[in-house]
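Written below as C-alpha cells is the structure these notes are about.
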Amino acid sequence: MDVRYPIGKLQVPNKVTLENIQEWLKEIETYTIRLRETVDSLSDAELSRTYRDGSWTVRQLVHHIADSQLNMYQRLKLALTDENPIVPAFDQEKWAIQLDTKLPVECSIKLLEGINERIVSLGNSLTEEQLNRAFTHLENGKITVATKVAKLAWHEEHHLAHIKIALSK
C-alpha cells in the first residue's frame, strides 16, 4: 500500500449518475461522526503523530480537512451559479501552518458538520444536467460538479485513513 494514498487515488466513473452522487453524499453525511469517534479522546501527543515522516500531524490533518472542504464547497457553488468560473488554488502547506491549526480539533469538526450538511443538502438537489456544470481550477483545469462531489467524499476518507495510520504507529 502506498501510504500517501491509503484508499487509492480518486476514481470517478466516466458517466457519473445521480445514484453515484447519492452514495458519495451518504459518506459525506456520516463523516464527522466517524472522524469524531476517531479523534475525540486523543491526547496532545496522539494529535501530534504523523502517518509518515514529514507528513502533517493528526491535528493538522483534521484542520486541513475542514479547510479543504470549505474551499471545495465554494467551488461547487460557483460551478452551479456562474458560467465556468475560474478558481484559484490554495496553498495547503501554508494553510496547514497558520496559527488557527493549533486550536482544538473540535472547532474544525464543528465547521465540517456545517459544511457537510450544506454539501449534502446541495448535492441532494442536483439534476443530471447540473452534474456537467464546471469550474476551471488554475492548476488542475476544468472540473465538473460530478467530479467535485466525488472528490469531496474521497478527500475526507483519504485523510481519515491517514489519521488511522498515524494512530496505529
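Structure above, values below:
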| item | result |
| --- | --- |
| Hits in region 1-52 - residues which are open to solvent by 80 Å² or more (accessible area, probe 1.4 Å) and assigned to a helix (DSSP H, G or I) | Glu19, Glu23, Lys26, Glu29, Ile33, Glu37, Asp44 |
| All positions within region 115-169 that are part of a helix (DSSP H, G or I), more than 14 Å from the chain's Cα centre (by Cα) and aliphatic (A, V, I, L, M) | Leu122, Leu131, Val145, Ala146, Ile165, Ala166, Leu167 |
| Residue tally, condition surrounded by fewer than 21 Cβ atoms within 10 Å (Cβ to Cβ) and charged (D, E, K, R), over region 53-66 | 1 |
| Residues satisfying the stated conditions in region 110-144, i.e. touching a strand residue (DSSP E or B) at 6+ places or on another chain (Cβ under 7 Å) and aliphatic (A, V, I, L, M) | Leu131, Ala134, Leu138, Ile143 |
| Pairs, first closer than 22 Å to Trp56 by Cβ and hydroxyl-bearing (Ser, Thr, Tyr) in region 67-86, second open to solvent by less than 70 Å² (accessible area, probe 1.4 Å) and in a helix (DSSP H, G or I), C-beta under 7 Å, six or more apart | Ser68/His155; Tyr73/Ile115; Tyr73/Ile119 |
| Candidates Asn140, Asn132, Asn124, filtered to the one that is in contact with a Ser or Thr (Cβ under 6 Å, 6 or more places away or on another chain) and either open to solvent by 40 Å² or more (accessible area, probe 1.4 Å) or modelled with pLDDT under 95 (or both) | Asn132 |
| So Glu83, is it modelled with pLDDT of 95 or more, touching a helix residue (DSSP H, G or I) at 6+ places or on another chain (Cβ under 6 Å) and open to solvent by 80 Å² or more (accessible area, probe 1.4 Å) | no |
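A quick yes/no check of all residues on (1) of a type in the set (Lys, Arg); (2) over 29 Å from Leu103 (Cα atoms):
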| residue | (1), (2) |
| --- | --- |
| Asp2 | no, yes |
| Leu10 | no, yes |
| Lys15 | yes, yes |
| Glu19 | no, yes |
| Glu27 | no, no |
| Tyr31 | no, no |
| Glu37 | no, no |
| Asp40 | no, no |
| Glu46 | no, no |
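The values are calculated or read from the model by the stated rules, or taken from the named source; none is laboratory data. Just so you know, these numbers come straight off a predicted model, no measurement behind them. In this analysis, Cβ positions are derived from the backbone assuming ideal geometry, glycine residues included, and neighbour counts consider all displayed protein chains. Just so you know, the surface numbers come from the protein's heavy atoms only, side chains and all, with ligands and any DNA or RNA stripped out. Shrake-Rupley method; radii C 1.70, N 1.55, O 1.52, S 1.80 Å.
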